[in-house]
1. When the Karplus curve 6.51 cos²θ - 1.76 cosθ + 1.60 is applied with θ = phi - 60°, which whole-Hz ³J(HN,Hα) does each residue of region 428-436 get, with x for Gly and Pro?
2. Rounded to whole Å, give me the distance from the Cα center of region 473-494 to that of region 209-254.
3. Going by C-beta contacts inside 10 Å, put K79, K92 in order with the fewest on the left.
4. Using each residue's phi in region 150-157, evaluate 6.51 cos²θ - 1.76 cosθ + 1.60 at θ = phi - 60° and report the 3J(HN,Hα) Karplus result to the nearest Hz, with x for Gly and Pro.
5. Could you tell me the distance between the Cα centroids of region 258-297 and region 70-125, to the nearest Å?
6. So, counting K/R as plus one and D/E as minus one, what does the shell of residues with Cβ under 13 Å around P462 add up to?
7. Work through the residues other than L36 whose Cβ is under 11 Å from its Cβ and net out their charges, Lys, Arg +1 and Asp, Glu -1.
8. Straight-line reach only, C-alpha to C-alpha below 16 angstrom: list the lysines that K472 could link to, leaving out same-chain residues fewer than 8 apart.
Amino acid sequence: MQQIPHYIDGRRVAEAERFGPVFNPATGEQEKEVALASASRIDEAVAAAQAALPGWRSASLAKRAAVFYRVRQLLTERKSELAAILTSEHGKVLSDAEGEISRGLENIEFATGLSHMLKGERSEQVSSGVDVHSIRQPVGVVACITPFNFPAMVPLWMIGSAIACGNTVLLKPSEKDPSSSVFIAELFTEAGLPDGVLNVVHGDREAVEGILDHPGVKAVSFVGSTPIAKTIYARAAANGKRVQALGGAKNHMVVLPDADLDMAADAAISAAYGSAGERCMAISVMVAVGDIADDLVEAVRSRMESLRIGPGTDPASEMGPLITAEHRDRVASYVTNAPAEGATVVVDGTQQQFDSGGFFIGVSLVDHVKPGMKVYDDEIFGPVLSVVRVDTYADAVRLVNENQYGNGVAIFTRDGGAARQFEVEAEAGMVGVNVPIPVPVGTYSFGGWKDSLFGDTHMYGPDSIRFYTRGKVVTTRWPDPSTSKIDLGFPQVD
Ligand code: NAD
């Protein structure tokens with residue numbers, strides 16, 4: 001059985017007391033096993049990161065940027081190889097895997113501009129003969145803990161800016177699809193990143209708790225489900241660390257009566273069922289406003305018939321399997337239980353049969369859904385689209401704003417005024433206007449509101465520079481015998 005090693009101080013470390021299974025979701029077979037870190041392995045990785053810190057934080061900005069230019073080149077050249085790894089462990093179709101890598105590359109491109117992003121400010125003569133300037137310095141050893149659903153993109157969201165800012169990193173990817181992180185770390189080494197700057201440790205709760213309790217780790221970036229994000233935020237903060245913890249989502253797509261019906265239906269299908277609904281920005285609730293509901297449901301239903309579900313390696317497949325058998329069964333339970341909750345199952349994907357032993361499930365559409373039903377309240381994270389029917393725009397906004405999550409939200413309309421009002425009123429971190437998955441480009445930052453994010457800063461882009469650096473302000477006066485005097489009063493500007 002192929003073993004997936006840690007990557008510490010520039011070398012693979014395969015020894016472990018415990019290993020976890022890694023499946024190929026398209027076949028249902030366990031093809032690999034991954035080393036799971038104990039607390040002592042975490043100590044070893046933190047020690048490597050600490051040892052690499054002085055050298056890396058004093059490396060010139062030009063040398064740091066040069067690494068990112070080379071990483072960009074290598075990742076571009078080897079994109080299809082990495083996509084194949086993603087598909088073999090996550091299950092998403094190859095074209096989607098390549099799309100994920102392209103979006104992750106935006107963060108590497110952003111990092112090449114680090115000398116611009118790390119510029120401080122300077123004020124001359126804030127007081128007589130006194131100047132002030134500000135600088136941003138690295139935080140130290142940073143831990144990045146990532147989910148299974150974007151095994152390349154989410155690590156790239158974090159490590160690009162963290163390393164660019166002069167920090168050293170411990171990356172703890174999901175134990176369900178861990179190989180891509182090792183692949184990416186080895187590319188960084190090939191691109192000239194010194195050993196110990198980027199370390200990959202695999203593991204489950206034991207490893208994560210070892211990271212959160214380690215005094216050598218100064219900041220934690222986390223992306224995953226809301227219950228875990230909450231505990232990560234509390235424990236890391238209690239241990240005095242800087243922390244940003246992004247959680248789950250229930251993204252609504254509001255469709256006003258004047259929307260372009262075909263455009264809205266195409267968008268709903270793409271955003272609800274792409275990557276089998278295992279995207280934190282997937283649309284899981286379609287809010288049909290007024291009399292568009294019947295036509296909209298029919299337009300979505302008719303498009304579902306032609307979706308091709310199969311192994312991600314088959315170019316004909318548009319949607320692959322779910323990540324595990326347990327997750328597939330959990331997703332199915334929401335559809336199966338929906339009628340008892342009072343909803344109407346328009347298309348029941350749980351009944352679709354598949355030849356392979358993989359973790360496949362068909363796509364489902366559930367109408368007449370309401371808050372209070374589990375199919376509405378819970379994050380399902382699978383190919384299940386709920387439809388909530390409301391009478392007015394105001395009802396739609398209330399629904400969106402009363403939901404516990406606030407990651408992404410979209411409105412479909414031809415009315416610019418309504419779109420503008422929605423942009424102002426919607427309580428979510430990312431809003432799309434006729435764009436169903438409004439993941440910001442790499443020059444902006446990504447993050448939700450409410451239970452979708454615990455912390456103050458969003459991820460990647462300008463917010464990440466603030467998160468991965470500490471500000472320092474320097475006040476300077478040069479000797480001038482004519483103004484030097486003893487004054488025990490609190491310094492005042494003059
Ligand atoms: P998860 O919360 O199960 O796992 C995330 C990470 O936490 C993994 O590295 C995992 O090993 C670790 N972990 C799991 N259980 C833990 C525990 N008890 N204690 C400590 N660490 C633990 O999430 P997942 O299933 O891998 O990913 C899917 C979730 O991530 C969904 O809820 C999705 O919405 C969310 N997500 C959010 C965003 C976002 O940007 N907000 C992006 C991607 C995914």
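Each reported figure results from applying straightforward, stated rules to the coordinates on display, with no laboratory input. Not measured: the values here are computed from a predicted model. All Cβ positions, even for glycine, are placed from backbone atoms using ideal geometry, and neighbour counts span all protein chains on display.
1. These are the phi-based 3J(HN,Hα) values: 7, x, 9, 10, x, 10, 6, 10, x Hz.
2. Between the Cα centres of region 473-494 and region 209-254 lies a distance of 44 Å.
3. Details: K79 16, K92 30.
With the fewest neighbours first, K79, K92 line up as K79, K92.
4. Values, residue by residue: 10, x, 10, 5, 5, x, 5, 3 Hz.
5. What the calculation gives is 29 Å, centre to centre.
6. Counting the neighbours of P462, the net charge comes to +2.
7. Details: positive: R18, R41, K172, R205; negative: E17, E33, E175, D204, E206.
The answer is -1.
8. K119
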